[in-house]
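Below is one structure; the comments refer to it alone.
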Amino acid sequence: MLDRRKVWNRLEGREPLEVVEDQGQLLVKGRAFEERFPRAELLQDNCAICLHRNPVVYDELLGEAVPEQTGVDRYADIRAVEALTPEEKWQYFEELIAPCIRCYACRNACPQCYCPLCFVDESKPQWVGKGLDKTDLRTFHFLRAFHLAGRCTDCGACERACPVGIKVRQFTKKLEKDVWERYQFEAGVIVEGRPPLDVFLPDDPQEFIK
């Protein structure tokens, strides 16, 4: 899928009225202008690194299967954050969530956020405040990410919905990377069996208690 913000940035304020795909290019038309851009440069970040361009599980496939991407490093950005010092990580995430207005669009758009009552809406007890206190902002984003650990499919709905353009996937992709490296599990791909964080096995990785 295309990233509408990337398209708008390329147009520098001009309004697109029509977008047509043509052999790896995007033909963008508006009033008194027509420009071409490489399609790959305007994809959503999650689509650019997607390894499943064909449905993994399906009854009927409409159309022909397309070539899957190879040689994609899905976690280069996460390793860059992991390499930071603790102080640098703190500053990175402080700046990442600074524009947040607590509208909950990321939560509301997420297909995996389906709790009958979200922890941010609890009143007895009240886990987080309703304002823009920095502690409450951090609590919302980090707890939401932990709730999605082992379940997030990296669909990108959270980032598409964010009205202020926060890279929300930076939270969930770290956990996605850890689940893959520890359990070789990818959410949304394996039909049978339980998610790894839903069960306990004696041979589960347990380096954290050593």
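Tell me, which cysteines of the chain are without a disulfide-compatible partner by the Cβ under 4.7 Å rule?
So far as the 4.7 Å Cβ criterion goes, 47, 50, 100, 103, 115, 118, 152, 155, 162 stand without a partner in the chain.
Which loop GluC sites (Glu not before Pro) in segment 116-210, with loop taken from DSSP, have no more than 16 other Cβ atoms within 10 angstrom of their Cβ?
In loop regions of segment 116-210 (DSSP not H, G, I, E or B), the sparsely surrounded GluC sites (Glu not before Pro) are 122, 186, 192.
Quick check: residue separation of residue 184 and residue 19 times 0.36 nm, minus the Cα distance between them. What number comes out in nm?
55.5 nm
Name the aspartates and glutamates eligible as straight-distance cross-link partners of residue 124: C-alpha to C-alpha under 18 Å, and not fewer than 8 places from it in the same chain.
136
For the Cα atoms of the chain, what angle does the longest principal axis make with the long axis of helix 86-97, in degrees from 0 to 90, nearest 10?
Taking the Cα atoms of the chain, the angle to 86-97 is about 50 degrees.
Determine the relative contact order of the chain: mean sequence separation of Cα pairs under 8 Å and six or more apart, normalised by residue count, in whole percent.
In percent, rounded to a whole number, it is 14.
Does anyone have the angle between helix 169-183 and the longest principal axis of the chain? Alpha-carbon axes, 0 to 90°, nearest 10?
Approximately 60 degrees, to the nearest ten.
Loop only by DSSP, 15 or fewer other Cβ within 10 Å of the Cβ. Give me the trypsin sites (Lys or Arg not before Pro) in segment 24-70 that pass, ordered by residue number.
Listed in order of number, the matching sites are 31, 53.
Cα to Cα, under 17 Å, and not fewer than 8 places away if on the same chain: which lysines meet these conditions relative to residue 174?
Within the straight-line limit of under 17 Å, residue 174 reaches these lysines: 89.
Of 155, 47, 118, which has the largest mean-square fluctuation in a 10 Å C-alpha GNM of the chain?
Result: 118 has the largest fluctuation of those listed.
Express the relative contact order of segment 53-166 as a whole percentage, based on alpha carbon pairs under 8 Å and six or more residues apart in sequence.
After rounding, I find 28 percent.
Work out the FRET efficiency for residue 40 and residue 83 from their Cβ-Cβ distance, taking R0 = 30 Å, and round it to the nearest 0.05.
My answer for the efficiency is 0.70.
Using Cα springs under 10 Å in a Gaussian network model of the chain, which residue among 65, 149, 105 shows the largest mean-square fluctuation?
For the chain, modelled as a Gaussian network with Cα springs under 10 Å, the answer is 65.
Check cross-link reach from residue 130 to the aspartates and glutamates: straight Cα distance under 17 Å, and skip same-chain residues fewer than eight apart.
Once the sequence-local aspartates and glutamates are set aside, what remains near residue 130 is 121, 122.
With Rg/Rh (Cα atoms, Kirkwood Rh) as the read-out, I listed (1) 0.93; (2) 0.96; (3) 0.99; which label goes with the value calculated from this structure?
(3)
Return the loop-located GluC sites (Glu not before Pro) in segment 1-79 (DSSP other than H, G, I, E, B) with at most 13 other Cβ atoms within 10 Å of their own Cβ; answer none if there are none.
Counting only loop positions with at most 13 other Cβ atoms within 10 Å, the GluC sites (Glu not before Pro) in segment 1-79 are 12, 60, 64, 68.
Order of 172, 139 from fewest to most other C-beta atoms within 10 Å?
By the 10 Å Cβ count, ascending: 139, 172.
Given H placed 1.01 Å from N in the peptide plane, which residues other than close sequence neighbours of residue 26 have an amide H under 5 Å from its amide H?
For residue 26, the qualifying residues are 37, 39.
Considering amide H positions built from the backbone, and no H for Pro or chain starts, which residues 5 or more places from residue 14, or on another chain, come under 5 Å of its amide H?
Amide H neighbours of residue 14: none.
If you place +1 on the Cβ of every Lys and Arg and -1 on the Cβ of every Asp and Glu, how big does the dipole about the Cα centre of the chain come out, in debye to the nearest 20?
740 debye
With a 10 Å cut-off between alpha carbons and a GNM built on the chain, which of 182, 194, 107 moves the most?
Per the Cα network of the chain with a 10 Å cutoff, 194 tops the list.
What's the angle, to the nearest 10 degrees (0 to 90), between helix 134-147's Cα axis and the longest principal axis of the chain?
Helix 134-147 sits roughly 90 degrees off the main axis of the chain.
Values quoted throughout were computed directly from the atomic coordinates according to the rules given, and no laboratory measurement underlies them. Predicted, not measured: the structure shown is a model, and the values here were computed from it. Note that each Cβ is placed from the backbone with ideal geometry, even for glycine, and that neighbours are counted across all protein chains shown.
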